[in-house]
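Remarks on the structure that follows.
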Amino acid sequence: MAVMAPSSPSLVFTVRRCEPELVAPAKPTPHEFKQLSDLDDRDSLRFQVPNIQFYRYNPSRQGRDPVNIIREALSQTLVFYYPFAGRLKEGPGGKLMVECTGEGVMFIEADADVSLEQFGRAIHPPFSCIDELLYDVPGSGGILDCPLLLIQVTRLRCGGFTFALRLNHLMSDAPGLALFMNALGEIAQGARAPSIPPVWQRELLNARNPPQVTCTHHEFDELVEPQSLIINPLHELACCSFFFGSTQVSAIRKKIPHHLGKYSTFEVLTAFLWRSRTIALSPNPEDQVRLIFMNGVRAILNPPLPRGYYGNAYAISLAVTTVGKLCENPLEYALELVRKAKGNVTDEYVRSFIDLVVTKGRPRTTIVKSFVVSNTARVGFRDVDYGWGKAVYGGLAKIFEIQSTSATTFYIEAMNSKGEHGIMVPVCLPTPAMERFVKELNSILQDQSDGGPMSKFIISSM
């Protein structure tokens, strides 16, 4: 198990940006209003999500400009995904809707005097340079009456390029965004239409009439952060990226009794990190701690959502216990909590949750005392191909640094410096807690083949 240092933390380069422009659909599109679903329209999703992909130089594409090809393909793709070219408005009762104005998405053409190799052998967040590769155009980042997408394509000195994107989360989740990006890639390579036609149909995830809250939900519990879980503001926040390949996951599995059966990689990794992180924070044993993770519902619903549905389509899975029970019990205790929380999400649970959202007036999810996980490792951002092949890295562009023990992390598909594929997990903790966290992980992740320690830790604070 390796702790990965930030991608070239001392890397300094110059980016020359053209004036931001609006790219509109290539053909006229309907001017209409489209309501968001009740699962989209939540205060918890009123923020922007930054994403980035790095692409190598491809000799077969010599003389072809990625900026022009992607800009032209974007205009054509927006004919099919025309709501992205509109603007969010607030309707009666605060209900959000898209006015399909055809104004377009914001696009930035740029050049950087840096090569892909200078970012390091294993590219991953945190990126000290991200504000250069995804410029925050003043006045463009609002939730209402602003572009719903901002895209910057930056040519690199080596012939490679980066594709950075900022998404208004109210419009789509990670799988929905991947549908749009794959459509853009297909059209950039000459397709006349996306292989998977986009589907709006946000009414499929609206509350029932009348709402019927039939399940127990703790997503909106009113909680107060206990004193033992409040981070000392004098402690510097350390951010590290941890890589978990097949060897590391196998080492964790060896701590689980065989008679308990098979657990998924997500269940094993999430239980392990939740427990290890809580041990590192050393809170009061009697304090409550929570695990929150996003559970995709596209295939869980009955009937399943259409394949091309690109709205938000996930429910919140939640496990609750005390610090003492989580830390003093073996790993299988946390595993069972994760599995039970995951199994609770049925069609009826999702419908009940949506009904609760509407009944309570679309409140924010309570993340006090919580470790929040968003799993994007299988979304396929690295697989998006604009004609230059698959991305070297594709996924989250920024780690959310929050001075709270209620933190969000992401599982990102990644490759380490040895070329091994796995899951990268960015983690931010106060420096003393990060040291305990690494020690806890190192005490468990031992090389089972020769009894020696696994990959050497490289700790860096941001």
J(HN,Hα) series, region 125-138, from Karplus relation 6.51 cos²θ - 1.76 cosθ + 1.60, nearest Hz, glycine and proline x: x, x, 9, 5, 9, 4, 5, 7, 8, 9, 6, 8, 5, x
Over region 71-169, calculate the relative contact order: mean separation of alpha carbon pairs under 8 Å at least 6 apart, over the residue count, as a percent. 30
I'd like the distance separating the alpha-carbon centroids of region 141-173 and region 416-431, in whole Å. 24
Report ³J(HN,Hα) in whole Hz for each residue of region 68-78, in order, from the Karplus equation J = 6.51 cos²θ - 1.76 cosθ + 1.60 where θ = phi - 60°; Gly and Pro get x. 5, 5, 5, 4, 5, 5, 4, 4, 6, 5, 5
Per-residue HN-Hα couplings for region 93-102, Karplus 6.51 cos²θ - 1.76 cosθ + 1.60 at θ = phi - 60°, whole Hz, x for Gly and Pro? x, x, 5, 8, 8, 9, 8, 7, 8, x
Distribution of pairwise C-alpha distances over the chain, 20 Å bins, in %: 24, 56, 20, 0
Here the relative contact order (percent) of region 2-112, from C-alpha pairs under 8 Å and at least 6 apart, is 49
Ordering Ser115, Ser195 by the accessible surface of their heavy atoms, 1.4 Å probe, largest first, yields Ser195, Ser115
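Suppose a student asked you for the relative contact order of the chain, using Cα pairs under 8 Å spaced at least 6 residues apart; what percent would you report?
Once normalised by length, the contact order is 24 percent.
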Excluding residues fewer than 8 positions from Lys398 in its own chain, the aspartates and glutamates with Cα under 19 Å of it are Asp131, Glu132, Asp136, Asp173, Glu236, Glu413
If R₀ is 45 angstrom, what is the calculated FRET efficiency for the pair Lys34 and Val12, using the beta carbon separation as r and rounding to 0.05? 0.55
How large a share of the accessible area of the chain, in percent, is made up of carbon and sulfur atoms when the probe is 1.4 Å and the other protein chains stay in place? 51
Under 5 Å between amide hydrogens, which residues at least 5 positions from Phe242 or on another chain qualify, with H placed 1.01 Å from N in the peptide plane? Met4, Val425, Val427
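Report the calculated FRET efficiency for Lys390 and Ser195 (r = Cβ-Cβ distance, R0 = 22 Å), to the nearest 0.05.
0.85
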Highest first, please rank the peptides 249-259, 379-389, 356-366 by the mean number of other Cβ atoms sitting within 10 Å of their residues. 379-389, 356-366, 249-259
Amide H contacts of Tyr310 (H built 1.01 Å from N, under 5 Å, at least 5 apart or other chain): Val199
Say the cut-off is 24 Å between C-alpha atoms; which of Lys34/Lys342; Lys262/Lys439; Lys342/Lys369 go over it? Lys34/Lys342; Lys262/Lys439
Could you report the chain's accessible area per residue, 1.4 Å probe, as an integer in Å²? 42
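Sum -39500 (n - 2.57) across every DSSP H segment of at least 4 residues in the chain, then divide by the residue count to get the 222 nm mean residue ellipticity, nearest 500.
Value at 222 nm, helices only, nearest 500: -7000 deg cm²/dmol.
The values are calculated or read from the model by the stated rules, or taken from the named source; none is laboratory data. Treat the numbers as computed from the prediction; the structure is a model and nothing was measured. All Cβ positions, even for glycine, are placed from backbone atoms using ideal geometry, and neighbour counts span all protein chains on display. Accessible surface areas use protein heavy atoms only, side chains included; no ligands, DNA or RNA. Shrake-Rupley method; radii C 1.70, N 1.55, O 1.52, S 1.80 Å.
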